[in-house]
Every structure is written in C-alpha cells, then in structure tokens.
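Some notes on the structure that comes next.
The values are calculated or read from the model by the stated rules, or taken from the named source; none is laboratory data. Since the model is a prediction, treat every value here as computed from it, not as a measurement. Neighbour counts are summed over all protein chains in view; Cβ atoms, including those assigned to glycine, are modelled from backbone coordinates with ideal geometry. Surface areas here come from the heavy atoms of the whole protein model, side chains and all, with no ligands, DNA or RNA. Shrake-Rupley method; radii C 1.70, N 1.55, O 1.52, S 1.80 Å.
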Amino acid sequence: MAYIEMENICKEFKVYKRNSSWTKTLKSLFIREFETKVAIQNINISIDKGELVGYIGPNGAGKSTTIKILTGILTPTSGIVRVDGRVPHENRVKNAEKMGVVFGQRSQLYWDLPMTETFQLYKKMYRIEERQFKSNVNLYVELLEMKEFMNRPIRQLSLGQKMRANLAVALLHDPEIIYLDEPTIGLDVVAKSRIRRFVRELNKEKGTTVLLTTHDMDDIEQICNRIIMIDHGQKIFDGSIGELKDLYSEGYMLIVDFAEDNVSLNDSRLRVISEEGPRKTILINTNEITIAEAISKITTGNSIVDLHIKEPNIERTIERLYENKERETVQA
Ligand SMILES: Nc1ncnc2c1ncn2[C@@H]1O[C@H](COP(=O)(O)OP(=O)(O)OP(=O)(O)O)[C@@H](O)[C@H]1O
C-alpha cells in the first residue's frame, strides 16, 4: 500500500459573492449570496514511503489546499485520502505525530528562546525519549551546522540560520513524512545548497518521505526524483524530471564557435536560434536527430574552435507544458 493515497479528491470553498454596484452591496448586507470556488478537482496521487516528490504549479493552482488536506487541516469535499492508512482529518493528532512541516515564510520558533531551549520545549511537546532526543539534536546540529548559534535567541539569527533551526525542530520527533513549503525562499546560493543537501541526506539516512512545494526549479532538480504538477486544480503531469524534459522540452542546445563567420548548415533539423559572429546557438530535437549525429553534421566540412551542449532547461520546459495545457483547454 502506498504511503499517501488520494483518490478523486475535490475541494470546494464557499465564498461570498462580491457585487459590482453599491445597491447590490447594500442588499448583500441583508441577503448573503455565495458562490463555489473549486480549489482542486479529481486529484489522484499515490506516493510511496521514502519518495522525494516535488509538488509544483503556478500561484493559485491548489498546492496549499492539497497539503492542508494531507496534513488534516482541511476536509476534502469529496474523494478518499489516506496517509499511512489513516484519514488525516479524522485522525489529526496521530497524523501530526508522524509528520513534520516547514513553511519558508512562517516560523515555528519562539523569538526570544535560543535553540537549546527550543529543542527542550519540542522534546516535551512531542514526548520524545531522552536517547532519541540526544541523538537527533547531535545529528541535526552537525548536519545543519548549527553549533555557532545554538545559544543565541532566534530573533538574532539570519534567515538561513532560522530556516535550518526550523528544519531541525520539525524533524526532532523523527516524522515519517516532511512537508516543505518554499524551504529556500529568500536564501543566498550557499544557504540554499546547504538546505538541499540536508534534505537529500535526511531522506537517505532516515528514509523520510519528502513532499516539497516550491517555485524554485533548482530545489526541484536538486532534491526531487519525481514531480507532480497541477494547474487550475487539476493534475497535469506526474513523472520524473527526465520524463518531463523528454516530453515537453524544446530540445538540447549546441553552442558552437566556428573558426569562421557565415557557416551554413543546410539541415532543417539543426535550427539556428541565435548568431553572434562565428558563434551559433543551434537547437536540436532528439526525436529528430541524435546529439552525436548533430555534432557530426556540424563538424563535417567546418572548423570548430569550441562546442558546448546545454541540457533542456527545466523552467522553460515547465513553461512549455503550461502553454500546451492552456492551448488544449482553449481548443476543447
Ligand atoms: N479558504 C479559502 N477560501 C476560498 N478560496 C480559497 C481558500 N483557500 C484557497 N482558495 C482558492 O483555491 C485556489 C487554490 O489555492 P491554493 O492556496 O491551494 O493555491 P497554491 O497553489 O497553494 O497557490 P500559491 O502558489 O499562490 O501559494 C485559489 O484560487 C484560492 O483563491
């Protein structure tokens, strides 16, 4: 049985109808009119224990709604949801014992307490045994390089240090799953990469299942093995990053520095998308021509000074997927 199972999950919200004219607004003070807002519809997701899954989509796509259903905060309007065999909204306490949550924009830490005391507080809250507590504090202080700021109150910590502290606290009780919402938002390059490395290490060491929502595609590429994508409340892709690139990328880019200007390639499969003196950027679709054949065509009869291959860019690939879906919806 999968660790997370969502079958045909829908969530609708009832919202007050806003009126354009003041007479209608006045009337609505006495008679309230509602309309239904569909946040997610017919979502089917199955995630095994230990998977590293990126859950992505544009603003308002339904990501937070899905996470709130999985954490038991929201009850779905229809459909079946189970996390580790339990219905989250019917077993909120048990569900909470098994999960950790980290929101990049919100903190679970107490402003005036240093981490030494914060850990003690969470130890009591989760009733963590002394041995497990000591071993986890030692592990996270080391992996997240927290030693230097353990005794300083939270309010004196940098954004990156606070994020590391939030992660350690969320993981103190050894949750089976961690929900990460924008865990690297606002962090510098070094801090981002430290967090990403840590999440992978955690998954490897403890087998923790990770469900990550983010708008940072580097988070996805460096942490996740699988991407689930939603748009307008519906699932539009579920697979590996490789599969996504194969299906939706424009192709590989070959950046070639020829020895001379005005080289002509005479092959429609080699699409020159930009030229700067003797440098040409050539787009190839690997369904039409292999990289090896493309290089052989380019180098035959031409002197080459340098050649780089650029892999399909994930952000552009995702943009194309959304564009395709938008077109399909308009045509339907
Ligand atoms: N409590 C609520 N009441 C009414 N509508 C809601 C409520 N919560 C979410 N929605 C609507 O449901 C849709 C999905 O929202 P959700 O917050 O799940 O999106 P999201 O993918 O997490 O977006 P973002 O990336 O901006 O955080 C949006 O149109 C939102 O306005």
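Just the number please: accessible area per residue for the range 1-121, 1.4 Å probe, all protein chains included, in Å².
Numbers: 7140 Å² over 121 residues.
With all protein chains present, the range 1-121 gives 59 Å² per residue.
Set the Förster distance to 41 Å, then compute FRET efficiency between Trp22 and Asn59 from the Cβ-Cβ distance, nearest 0.05.
On the way: r = 30 Å, r/R0 = 0.74.
Using R0 = 41 Å, I get an efficiency of 0.85.
Against the longest alpha carbon principal axis of the chain, how many degrees, from 0 to 90 and to the nearest 10, is the axis of helix 130-143 turned?
Tilt relative to the chain: about 30 degrees.
Ordered by residue, what ³J(HN,Hα) values in Hz, to whole numbers, does the range 21-36 give under the Karplus form 6.51 cos²θ - 1.76 cosθ + 1.60, where θ = phi - 60° and Gly and Pro are x?
Computed from phi, the couplings for the range 21-36 are 9, 5, 5, 5, 4, 4, 4, 5, 5, 9, 10, 7, 10, 10, 9, 9 Hz.
Could you give the angle, 0 to 90 degrees to the nearest 10, between helix 159-171's Cα long axis and the longest principal axis of the Cα atoms of the chain?
Between the helix axis and the principal axis of the chain, the angle is about 60 degrees.
Rounded to the nearest percent, how much of the accessible area of the chain (1.4 Å probe, protein heavy atoms only) is carbon and sulfur?
Values: 8580 of 18250 Å².
Taking all protein chains in place, the chain shows 47 percent carbon and sulfur surface.
Restricting to Cα pairs below 8 Å that are 6+ residues apart, what does the relative contact order work out to for the chain? Please round to a whole percent.
On the way: 560 pairs, mean separation 59.2, N = 332.
After rounding, I find 18 percent.
List the lysines whose Cα lies under 21 Å from the Cα of Lys63, skipping any in the same chain that are fewer than 8 positions away.
Leaving aside lysines fewer than 8 places away in the same chain, those within reach of Lys63 are Lys11, Lys14, Lys37, Lys49, Lys98, Lys235, Lys325.
Classify the chain: rounded, prolate or oblate, from the alpha-carbon gyration tensor (a ≥ b ≥ c, eigenvalue square roots; a/c under 1.5 rounded; otherwise prolate if a/b is larger than b/c)? Walk me through the numbers on the way to the answer.
Values: a/c = 2.18, a/b = 1.38, b/c = 1.58.
The shape class here is oblate.
Stretch Ile291-Ser240 to full length: gain in nm at 0.36 nm per residue minus the Cα-Cα span? Working shown, then result.
Values: separation 51, 0.36 × 51 = 18.36 nm, distance 2.15 nm.
Residue separation times 0.36 nm, minus the Cα-Cα distance, leaves 16.2 nm.
Can you tell me the order of 44-53, 120-129 when each peptide is scored by its average per-residue count of other Cβ atoms within 10 angstrom, highest first? Provide the component values of the computation, followed by the final result.
Values: 44-53: 17.1, 120-129: 13.3.
Listed from highest to lowest mean packing, they are 44-53, 120-129.
Under 19 Å Cα to Cα from Lys297, which lysines show up? Leave out anything in the same chain fewer than 8 places away.
Correct list for Lys297: Lys280, Lys310.
Nearest 10 degrees, 0 to 90: what angle lies between the long axis of helix 314-331 and the longest principal axis of the chain (Cα atoms)?
That works out to roughly 90 degrees.
Between Asn225 and Phe34, what is the label-to-label distance in nm when each label sits 7 Å out along the Cα-to-Cβ direction?
Label-label distance for Asn225 and Phe34, simple model: 4.3 nm.
For the range 200-301, just the Cα atoms, rotate onto the principal axes and tell me the three extents in Å, largest first.
Over the range 200-301, Cα extents along the principal axes are 55, 33, 23 Å.
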